[in-house]
Amino acid sequence: MGILDVKNVSKRFGGLKALSDVNLSIKENSVHAIIGPNGAGKSTLLNCLVGKLIPDTGSVMFDGQSVLGRSPYEINQMGISRVFQTPEIFGDLTVMENMMIPVFARRDGAFRMHAVAMVNTETDVIEQAEQVLEDMNMADKRHMTAASLSRGDKRRLEIGMCLSQQPRLLLLDEPTAGMARADTNNTIDLLKQIKDERDITIAIIEHDMHVVFSLAERITVLAQGTPLVEDEPQKIRGHPKVREAYLGESG
Amino acid sequence: MDAIILQILNGLDKGSAYALIALGLTLIFGTLGVVNFAHGALFMIGAFCAVTVQRLLTLSYETVDPTRTDFLGNPMKVKTPYIESWFGPEVGASIIEWSVPLAILFAIPVMLLIGYAMERGLIKHFYKRPHADQILVTFGLAIVLQELIKHYYGANPIQTPAPDAFRGSFDFGQLLGFDPNVIIYPYWRLVYFGFAAIIIAAVFSFLQFTTFGMVVRAGMADRETVGLLGIDIDKRFTIMFGLAAAVAGLAGVMYAPINAPNYHMGMDFLVLSFVVVVVGGMGSLPGAVLAGFLLGILESFASMNEVKTILPGIDQIIIYLVAIVVLLTRPRGLMGRKGVMEE
Amino acid sequence: MFGLDKKDTTLLIIVALLVFLAPFLLNPFPADSAMAQFNAGYPDLMQRFVIFGIFAIGFNILFGLTGYLSFGHAAFLGVGSYAAVWMFKLLTMNVIPAIVLAVIVGGLFAALIGYITLRRSGIYFSILTLAFAQMMFAIAYSDLIGRFVGTSITNGETGLQLTLNDPRILGESATPDGSIPLTNLFGWDMRSTYQMDVGAWLFQFNFGYYFCAVVMLIAFFLSIRIFRSPFGLMLRAVKSNQQRMNYTGLNIRPYTLTAFIISGMYAGLAGGLMASMDPLAGAERMQWTASGEVVLMTILGGAGTLIGPVLGAGFIKYFENIFSKINEATLHQWFSFLPDGLETFVVWVAEHFVGSGWHLTLGILFMLVVIFLPGGLVEGGQKIGGLFSRRKQADEKSKATKTEPAE
Amino acid sequence: MSNKDISRRGVLKTGAVAGAGVALPTIFTASQASAFTNEPTGSSVTLGFNVPQTGPYADEGADELRAYQLAVEHLNGEGDGGMLNTFSSKALKGNGILGKKVEYVTGDTQTKSDAARASAKSMIEKDGAIMITGGSSSGVAVAVQALCQEAGVIFMAGLTHSNDTTGKDKKANGFRHFFDAYMSGAALAPVLAKLYGPDRKAYHLTADYTWGWTQQESIAAATEAQGWETVNNVLTPLASTDFSSYIAPVLNSGADVLVLNHYGGNMVNSLTNAVQFGLRDKQVNGKNFEIVVPLYSRLMAKGAGENVKGIFGSTNWHWSLQDDGSKAFVQSFGTKYGFPPSQAAHTCYVQTLLYADAVERGGSFNPCSVVEALEGDDSSLPGISSDANKGFLFDGLGNGPTLYRSADHQCFKDVLVVKGKDNPESEFDLLEVVEITPTAQVWYEPDNPMFAGGNLGTCNPGA
């Protein structure tokens, strides 16, 4: 039993079978990568985990509870945070405000008519948000508007926002897509640091093999909507089936 | 049965006007991403093109007729249009009578020009601005345009009759085997419907079959990618704005004989045409046309006595009621695309 | 003060001063001078300024914070007015019950309509709210409910008004001298006005205005608190990125719905106050043009800013009431110093922009403001303010001022 | 323009206030010294002309404003004096009102109750107007009339035709010169019956708001009294621009007359649509199909163009009337503006004169004095035996002998039945007076059910 168990999940879009009979188990406090060629169903799988899509069959259990039929926000409240391919942050708000919102969400739940207090007197929230900002090395940028950050900083901010919720499972959807090498390395370092410092499970969907092999403890290879192999990185690297299906193609 | 056929005709006719305005609105929105609150004003200006042509053709000189007196007891000044004195009273009169069809020729260049000027002079600067700003500026423009028209033509409606040949009505029922006088329908309204059908067909085939149209459609679907191909999409979009203005203008010209144009007719249609566009689905041209006709027909049915006795006042709210039902059952209207104007 | 930081306190104090001194500030010209036409310091207009200010402040809580553009908010103002007038007719001429009911009714309608319309977003939401409001307008204008009930509910296009036969439970149907009683606050008439003659100036201090002003300041204070509260932060987050909102464990619907209800209650409050100042509820105040007006007020002043909507409301109401009243005779008087031919010409030109041409002026100003001041009037103010501060700290290295979104 | 003085609050013009200027601002003066709202204490008096300047009735409003300006000129002794010369009451001397020069302020009603009241309030509160007049719709008239009652100023209604204005919504401070829907019906029905026969079946299209309802009720009752049958009454939304779906079923309904209870743009469009559908070329029940428009105005007729030819309706006044008053008015209006006045202009002009005259006769601007003067000395119209036949009787303002009835502040006078002219001689020559219906025929008692439910109350001088 892992922290996240996916059992027999299938999903069809019209005639297209996006996922067929996917089984996957992610162990607590591990870093698990899901890789696969384009159109392998990685994103569909991810969307099934966070409530954006509902699978046609099968079950998805998080920490012994089913996530199926729940909205994204409910699943998040269960302890799953998601980092998007292109950073999804509150562009109009300052970095500090961005960081406070997840802290509020964790403290106050999905909705609270919290109009009597003032943001600047919520010292506990401010402290926590400050702490994460420090951890992210972003404290000096706290008053900047999020939209004006660099791409790398936006990614840091988004990861920081997810972390500030203290999730049990962090899902990353191609976190380094479109990044320059230096930014990619920074992100890898950041994720390594997170893995080392926190009790957290990380699931990462990635295209970039460099990232995958630097981080992952286990790898699932997805092809044509179904898991091909699941193993440790070294074994995946040499796996003939994987080479054939994936690495061979992408060179 | 006959009542239903009549209301279907009415609905198609109302729907024609809705569809034409909504078509232009959708074109502008789909291509430029601009919410154009001045679109109703373009329709109104089109109608006033007909008034202008009528005025131009009846430009007159005055002669004093000493045998008659005017309301103040002075000798009466009789006006004779120049056209009548040039071509003789009969030919002249029939030219004047045909002022609405002639106005079409006048309206096309005028509306294209107005559309072009509007886009280059104003709208262009608002592509990147929030929709709220676009609404404010085009609404301001709409007010300015209608106040200018009010200043020159007054607030009273101005009759711009159809040519004699199209006045009166046609006994549609006899064609279908009904008794005489059961289903009669005015000629000009039939002309309007036919005209609208032609314009709609022309716009669709232009977009479907010309390279220009294909590029525009591609641009509507994904502006960035088309831009990457090295095609100057903006220029084409400018022309599309002119085209949309011309469609609205022509809808207005032909509408002039149906209801006498007045300066606020644009505002009367504005809200309705937005409802039509949204019910059709933002960014969908077929949706706009479909919704136009659908709402026109439903509105006509709602004004039937049989319906009104059961639900008094339903004709006042039917359009809005339909809009609510459609939008609640189909989140993006009848044929809307995902992600358009939803943020 | 009141839990506000220094900047907001300053703003609140400035607004309070402006509002309380309005009878002076809005009457800068001697009543005898040619410019007196531009004086706006008379009770009715001052009341309108603050009442529409309240309406716009409330609208801004929805539109400015969450970005949901409602095109039907006038409906809540309308039902608020009807509720208040019915209260005057049936219960008492004291404004408190009327206003309380107006707020409740505004909130209830907003809850119902918001619950349905907030299923959609963007323009689909806008059109849904428009559709509901237009339906309510049609129902009020032709008194469709009254037709079913058998007794008049909205009194059609004339508007619901008081009569000499109203069955008022607490209070009299008519005063001993045969008039309709006046709206009051525990005996203080809303209509009572003190006039102060100062030299050539005439200042009017109206009880109703000051009552509205106090209500408006409270409303404004609450709006600052909402802007600065965690709730307000969440609303701004809704506007900024709903996707992230969702994946941060926040349920958007209750936030938007609450904002919608709050702004509906503000609208109801404005409607109730309007009826308290002038006990008549006309159907036109529910029409889409009225809803559009509050949208324009908010954008014109600066959506999402604290004070912008109030400025926008004042701007539009000023033009509606002052420019529409300037006529040819007034113009001739202003320009009488010019030589005759020139005077005629100038008057001829000016005539197009005043009196019946006031719409034209308003349209042009809408365009100018939105073209040159994308952030609305508030941005204009900031630019002017910026000029001054730059001059002051000429040697200080001016950092690029970052406009805080909620400024 | 002669009008070089700004309108201002009368209070300010007193010497006492000028003195206060020297004495410096030390005191709050509650100016409760005056006996009534906006008592003019200076050398001039301010009237408030509240007309639609924007919206569909803007042209009518503009014409009203022209009439007001003309009336002010005549009251101040400028111009040719117009109807002052023909008015049976000779109290006005062309030296202003009670020796005070007449000034005016204008405002825009927008044909909305709210806006009209705001505009009227600003005139009262800011400009010190002592009387408000104007308007082009009944909703506005009723709303502003109620306001004037509360504020303690006189309201002289402009164009308002609904029975309610002097019926269930009548007010002591309000007066209507214009005729009403009941009178339209009473004048028109006999003419129609004579012309089209007594066994007609009428189909009504009615604008769905207060005026439309009272208009329909009145004309239906009057025609039914002549033997007509009302086949159907269909309410049309005010916002309608295209009436095709209401007109299409008419021909198959068995009706042979279509009555359009519409005004303004509604009427122009519904009539245009009806003619488009060829209704007038048809035969139903072996008779020619006919269209009737109970309330006509020349501006509407102009908007409807050719379509009005031969269509019957009623109107309050028309410039082609040949009595001395009308001729004098048309002469001075036409000379000044270059075209003849509309009925709205006439009624507004007359209302201003009547107000000024009442002030002169009562010797005070006090609204209660004005009300008393306009309610008159219990004189009666000849030939009508009724207890209610008393009020202020006058002549020479067009329409022949006229009674301002004290019971409900409604004018009783002849009503014109008109039809669209077949061969107009000029662009103004659109209507032709068919019959001048005598007052006796349009008379009704104040407690007529169509007017019941109101209460005049008592005059309110404000302050």
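The values are calculated or read from the model by the stated rules, or taken from the named source; none is laboratory data. Nothing here was measured: the structure is a model prediction, and the numbers come from that model. With ideal geometry, Cβ positions are generated from the backbone for all residues, glycine too; neighbour counts draw on all protein chains shown.
Scanning region B:151-188 for residues that are touching a Phe, Trp or Tyr at 6+ places or on another chain (Cβ under 8 Å), hydroxyl-bearing (Ser, Thr, Tyr) and without any contact (Cβ under 8 Å) to a residue 24 or more places away in the chain turns up just one, B:SER169. Selection of region C:348-363 for residues being within 7 Å of chain B (Cβ to nearest Cβ), within 23 Å of C:HIS332 (Cβ to Cβ) and assigned to a helix (DSSP H, G or I) yields C:GLY357, C:HIS359, C:LEU360.
The criterion of at least 1 residues that are within 14 Å of chain B (Cβ to nearest Cβ) is met, among strands (runs of 3 or more DSSP E) falling completely within region D:395-439, by D:415-420, D:431-437. Taken together, A:ALA115, A:ALA203, A:ALA177 contain a single residue that is among the hydrophobic types (A, V, I, L, M, F, W, C) and within 12 Å of chain C (Cβ to nearest Cβ), which is A:ALA115.
Under the condition of being within 16 Å of C:MET136 (Cβ to Cβ), within 11 Å of another protein chain (Cβ to nearest Cβ) and crowded, with 24+ Cβ neighbours inside 10 Å, the residues counted in region C:291-313 number 1. Considering region B:201-224, and only residues there that are in a helix (DSSP H, G or I) and among the hydroxyl-bearing types (Ser, Thr, Tyr), the residue that is farthest from the chain's Cα centre (by Cα) turns out to be B:THR211. Would a scan of region D:161-173 turn up a residue that is closer than 22 Å to C:GLY282 by Cβ and over 18 Å from the mean Cα position of the chain (by Cα)? Looking for residues that are closer than 22 Å to C:GLY282 by Cβ and over 18 Å from the mean Cα position of the chain (by Cα), one finds none in region D:161-173, hence no. Cβ-Cβ distances below 7 Å connect the following pairs, each with a first residue in region A:71-84 that is at the interface with chain C (Cβ under 8 Å from one of its Cβ atoms), a second residue that is hydroxyl-bearing (Ser, Thr, Tyr), and a separation of six or more residues or different chains: A:PRO72/C:TYR247; A:ASN76/C:TYR247; A:ASN76/C:THR248; A:ARG82/C:TYR247.
Screening region A:157-251 for helices (runs of 4 or more DSSP H) wholly inside it with 2 or more residues that are without any contact (Cβ under 8 Å) to a residue 24 or more places away in the chain and over 16 Å from the mean Cα position of the chain (by Cα) returns the ranges A:181-197, A:233-238. Of all the residues in region D:383-394, those that are out of contact with any helix residue (DSSP H, G or I) (no Cβ under 7 Å at 6 or more places or on another chain) and in a strand (DSSP E or B) number 2. Total residues in region A:90-121 satisfying the condition of being within 21 Å of C:ASP5 (Cα to Cα), outside any helix (DSSP H, G or I) and at pLDDT 90 or above: the figure is 2.
Per the listing C:SER223, C:SER173, the residue uniquely without any contact (Cβ under 8 Å) to a residue 24 or more places away in the chain, of a type in the set (Ser, Thr, Tyr) and either surrounded by fewer than 22 Cβ atoms within 10 Å (Cβ to Cβ) or at negative phi (or both) is C:SER173. Of all residues in region B:25-79, exactly one satisfies the criterion of being surrounded by 14 or more Cβ atoms within 10 Å (Cβ to Cβ), aromatic (Phe, Trp, Tyr), closer than 30 Å to D:PHE333 by Cβ and away from chain D (no Cβ under 14 Å), namely B:PHE48.
For region D:307-357, which residues satisfy the criterion of being among the acidic types (Asp, Glu) and under 24 Å from D:VAL191 (Cβ atoms)? Answer for region D:307-357, where residues must be among the acidic types (Asp, Glu) and under 24 Å from D:VAL191 (Cβ atoms): just D:ASP323. Within region D:79-95, does at least one residue satisfy the condition of being within 14 Å of another protein chain (Cβ to nearest Cβ), surrounded by fewer than 19 Cβ atoms within 10 Å (Cβ to Cβ) and either of a type in the set (Lys, Arg) or out of contact with any Lys or Arg (no Cβ under 7 Å at 6 or more places or on another chain) (or both)? Yes: one or more hits. Within region A:118-141, the residues that satisfy the criterion of being within 13 Å of chain C (Cβ to nearest Cβ) and out of contact with any Ser or Thr (no Cβ under 7 Å at 6 or more places or on another chain) are A:ASN120, A:THR121, A:GLU122, A:THR123, A:ASP124, A:VAL125, A:ILE126, A:LYS141. Just to be sure before I move on: is D:VAL144 under 18 Å from the mean Cα position of the chain (by Cα), crowded, with 24+ Cβ neighbours inside 10 Å and closer than 15 Å to C:LEU162 by Cα in the structure I sent? It is true that D:VAL144 is under 18 Å from the mean Cα position of the chain (by Cα), crowded, with 24+ Cβ neighbours inside 10 Å and closer than 15 Å to C:LEU162 by Cα.
Taking region B:47-85 only, how many residues are in a strand (DSSP E or B) and in contact (Cβ under 8 Å) with a residue 12 or more places away in the chain? Of the residues in region B:47-85, 12 are in a strand (DSSP E or B) and in contact (Cβ under 8 Å) with a residue 12 or more places away in the chain.
With respect to (1) among the acidic types (Asp, Glu); (2) more than 18 Å from the chain's Cα centre (by Cα); (3) away from chain C (no Cβ under 14 Å), the lone exception for A:GLU97 is condition (3). Does region C:243-260 contain any residue that is surrounded by fewer than 17 Cβ atoms within 10 Å (Cβ to Cβ), within 14 Å of chain A (Cβ to nearest Cβ), without any contact (Cβ under 8 Å) to a residue 40 or more places away in the chain and within 30 Å of A:ALA105 (Cα to Cα)? Checking region C:243-260: at least one residue is surrounded by fewer than 17 Cβ atoms within 10 Å (Cβ to Cβ), within 14 Å of chain A (Cβ to nearest Cβ), without any contact (Cβ under 8 Å) to a residue 40 or more places away in the chain and within 30 Å of A:ALA105 (Cα to Cα). Within region A:1-25, residues that are assigned by TED's automatic domain parsing to the domain that holds A:LEU171 and over 10 Å from A:PHE62 (Cα atoms) reach partners that are among the basic types (Lys, Arg) and assigned to a strand (DSSP E or B) with beta carbons closer than 6 Å, at six or more positions or on different chains, in the pairs A:ALA18/A:LYS11; A:LEU19/A:LYS11; A:ASN23/A:LYS7.
Of all the residues in region C:140-154, those that are more than 7 Å from every other protein chain (Cβ to nearest Cβ) and surrounded by fewer than 24 Cβ atoms within 10 Å (Cβ to Cβ) number 8. Those helices (runs of 4 or more DSSP H) of region D:200-279 in which at least 2 residues are crowded, with 24+ Cβ neighbours inside 10 Å, β-branched (Val, Ile, Thr) and within 13 Å of chain B (Cβ to nearest Cβ), considering only elements entirely within it, cover D:264-276.
When C:ARG48 is tested against (1) at the interface with chain D (Cβ under 9 Å from one of its Cβ atoms); (2) free of Cβ contacts under 8 Å to residues at least 24 places away in the same chain, only condition (2) is not met.
Evaluate region C:261-273: report whether one residue or more is more than 10 Å from every other protein chain (Cβ to nearest Cβ), small (Gly, Ala, Ser), under 30 Å from A:THR145 (Cβ atoms) and within 24 Å of the chain's Cα centre (by Cα). Yes, some residue in region C:261-273 is more than 10 Å from every other protein chain (Cβ to nearest Cβ), small (Gly, Ala, Ser), under 30 Å from A:THR145 (Cβ atoms) and within 24 Å of the chain's Cα centre (by Cα).
In summary, B:TYR152 fulfils each of the numbered conditions (1) in contact with a helix residue (DSSP H, G or I) (Cβ under 8 Å, 6 or more places away or on another chain); (2) part of a helix (DSSP H, G or I); (3) within 14 Å of chain C (Cβ to nearest Cβ) with the single exception of condition (1).
Which residues, taken from region D:31-68, are within 20 Å of B:GLY154 (Cα to Cα), at the interface with chain C (Cβ under 10 Å from one of its Cβ atoms) and either part of a loop (DSSP other than H, G, I, E, B) or free of Cβ contacts under 8 Å to residues at least 40 places away in the same chain (or both)? Across region D:31-68, the qualifying residues are D:PRO52, D:GLN53, D:THR54, D:GLY55, D:ALA58, D:ALA62.
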